[in-house]
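Readers should treat all values here as calculations from the given coordinates under stated rules, not as data from a laboratory. The model shown is predicted, which means the values in this text are computed figures rather than measured ones. Glycine also receives a Cβ, built like all others from the backbone with ideal geometry; neighbour counts cover every protein chain displayed.
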Amino acid sequence: MGRSSFSVQSYYPEQTRQLLEYIEASGKNGPFQLVGFGEDMKWLCRILGEHVSGIYDWRESFQGYDIGNLFVQRLSSYTRREGILIICPPELELVEEALRQVIFSPTLCTMPVIWNTPYAYDPCLQETWARSICEKAAARAPSVNSSDRLFNLMQAVRETTRLSGDIVECGTFEGGTASLIWETLQYQNDSRKLFLFDSFQGLPTPRLGVDAHWGGTFSNISFAEIRQRFADCAGVKLIDGNILETIYTVNEPISLAHIDVDTFEAAEAVTRHLWPLLEPGGILLYDDYGFFPNCLPLKIAVDDYFADKQSECLKFFLPSNGIMIRRNDNK
Ligand SMILES: C[S@@+](CC[C@H](N)C(=O)[O-])C[C@H]1O[C@@H](n2cnc3c(N)ncnc32)[C@H](O)[C@@H]1O
């Protein structure tokens, strides 16, 4: 197939266009083995014409489908190792599954492969367990947090599941991240209790000048509404009031604290109280660490408290503007 055999037209679907560009760049003339039944396979079949020698799918439901005079065959039945494999669908999950089929097939694994996906990896959408948790959590309460931060939080809940201490959230606002923690606990049949600290009526007037600009923010919530949202969640306890005073009501060992308070003074006070309560292997997960300029004072609170604790913990900066601090395990 020469370069003149097909030209990439602007009305082709985006995935088809992209794959054709990769095919052209590869300099290969076929024969092309198309993998993954769907719209893009149909387009490619028509455009590449006689240079397509077979169409394949690994999924049972598409066996025997036809495009003109070509019929979908089982991918595992392809044994000739001729030409080049083109993975047609754009969906990340499908591309991933097709690649898995190719990588682990003794026949296909040495063949050249072309694929594309326009989607970035977003585990909250693409990991089945995470997606189901996120959907349930969002139905209960919205979150102001981005999906990479939500995923970090779910991982922290899962990573600490073997511990027995309860979970604390400082800064709950409308309950979005609290709802995510609770749904993650349900997902793994985890009976840890969840304590939620907030004024539930807006950030109390800060005592420090560097925090002054936060005063009164997050006041567009109602305690009654939050209480209603978590009414059916066994093991969830709402503690309303200024965290600087209420945090001392936790006195038992904890396994995880999600700290999302924005100010220096609240971050400093909760860290000082919660770190000694944290079990070995437990995690403090700070939101907004590294979120500048507003949360620079919060970073100072965390850095200064842990400056002399290098040997007691792992500090893991999260590029999604957070930091995870894990107390070393005794083992
Ligand atoms: C960024 S919001 C929390 C968002 C929530 N974690 C989410 O993603 O869904 C910060 C919360 O911290 C609370 N907060 C900060 N300092 C506080 C304090 N000293 N006392 C009580 N609540 C405080 C605010 O009222 C606000 O609701």
| query | Ranked by Cβ crowding within 10 angstrom, fewest neighbours first, how are Phe37, Phe317, Phe218 ordered? | reply | Phe317, Phe218, Phe37
| query | What ranking do 287-295, 165-173, 28-36 get when scored by the average of other Cβ atoms within 10 Å per residue, highest first? | reply | 165-173, 28-36, 287-295
| field | Relative contact order (%) - criterion: Cα under 8 Å, at least six apart; region: the range 127-185 | value | 57 percent
| query | Using the Cα atoms as the points, what is the convex hull volume per residue of the chain in Å³? | reply | 194 Å³
| query | Okay, helix-only estimate at 222 nm for the chain: each DSSP H run of n ≥ 4 adds -39500 (n - 2.57), divide by all residues, round to 500 deg cm²/dmol; what do you get? | reply | -10000 deg cm²/dmol
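Tell me the relative contact order for the range 3-114 as a rounded percent, counting alpha carbon contacts under 8 Å between residues six or more apart.
Normalised by residue count, the contact order of the range 3-114 is 27 percent.
First check a/c for the range 1-127, with a ≥ b ≥ c the square roots of the eigenvalues of its C-alpha gyration tensor; if it is under 1.5, answer rounded, and if not, answer prolate when a/b is larger than b/c or oblate otherwise.
rounded
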| Arranged from highest to lowest average of other beta-carbon atoms within 10 Å per residue, in what order do the peptides 108-114, 12-18 appear? | 12-18, 108-114
